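The values are calculated or read from the model by the stated rules, or taken from the named source; none is laboratory data. Treat the numbers as computed from the prediction; the structure is a model and nothing was measured. Cβ coordinates were reconstructed from backbone atoms using ideal geometry, including for glycine residues, and neighbour counts include every protein chain displayed. These area figures cover heavy atoms from the full protein model, side chains too; ligands, DNA and RNA do not enter into them. Shrake-Rupley method; radii C 1.70, N 1.55, O 1.52, S 1.80 Å.
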Amino acid sequence: MTEAHSMTWSMEENTVDQLIPFYQPVLALDTRLIMGYEALGRIRTRQGVRSLGPFFENKTISMGEQIRVDRLLREQALAKFAADPASSDRGMLFLNLKPSWIFQTYADTGELPTLRLLDKYGVDPGRVVIEITEESFLDPMEQLRAVVDVYRKEGCRIAIDDVGSGFSNMDRIALIQPHILKIDIHMLQKSELHSGYYGVLRSFSTLADQIGASLLLEGVET
């Protein structure tokens, strides 16, 4: 049985209690200080704690089921964030959202469930970053911008994930005008060994300055 199929079975058979958010630090590129934590999906299995990445990337699993699981994890993350007496010292909470999920949910219901969860748990929207993940979006980018602006008007900060890779292109950055650009630590590691990557990294720094965004670093495991 492949990992993807095993994960599908887990979502059907296991209880919600086995879904757990993990928190990965997000660092400022210039100071290396921790600015907040990104909530990542994990599941407890007989083999130990495993990433939910294969589940969310499996195209044989319906979008509705992936969104359901994602919302369960998101609510856990927000509930723990709100209940933590030291959360004020932990900076911002980063929540990953696929562009297609945001757009489809808003188009179908006219609502954004994450905003309801912020209200439910009394979380200050100004301490939450809605992170637009690296994914293809086939509808006009202006439509995605309109939905993202709903989060923005409520006080959430907006980030573009995985800048410089895949679908996180310049059009998306220009139209969405995020508060934060996030790059993966692998880009930083490559820049130390290759002048070309260093030049690309410098260009992202310049871009962030020009649009008034912060440049943050993700993928830090230790």
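Here are some notes:
- Subset of segment 65-76 (residues that are farther than 18 Å from ILE130 by Cβ and either open to solvent by less than 20 Å² (accessible area, probe 1.4 Å) or not in a helix (DSSP H, G or I) (or both)): VAL69
- Selection within segment 92-143: residues that are touching a Gly at 6+ places or on another chain (Cβ under 9 Å) and assigned to a loop (DSSP other than H, G, I, E, B). The member of this set that is most open to solvent (accessible area, probe 1.4 Å) is ASP124.
- Test: residue in segment 80-90 that is modelled with pLDDT of 90 or more and in contact with a strand residue (DSSP E or B) (Cβ under 9 Å, 6 or more places away or on another chain): yes
- Tally of residues being under 19 Å from GLN76 (Cβ atoms), open to solvent by 20 Å² or more (accessible area, probe 1.4 Å) and either in contact with a Phe, Trp or Tyr (Cβ under 6 Å, 6 or more places away or on another chain) or part of a loop (DSSP other than H, G, I, E, B) (or both) across segment 40-64: 2
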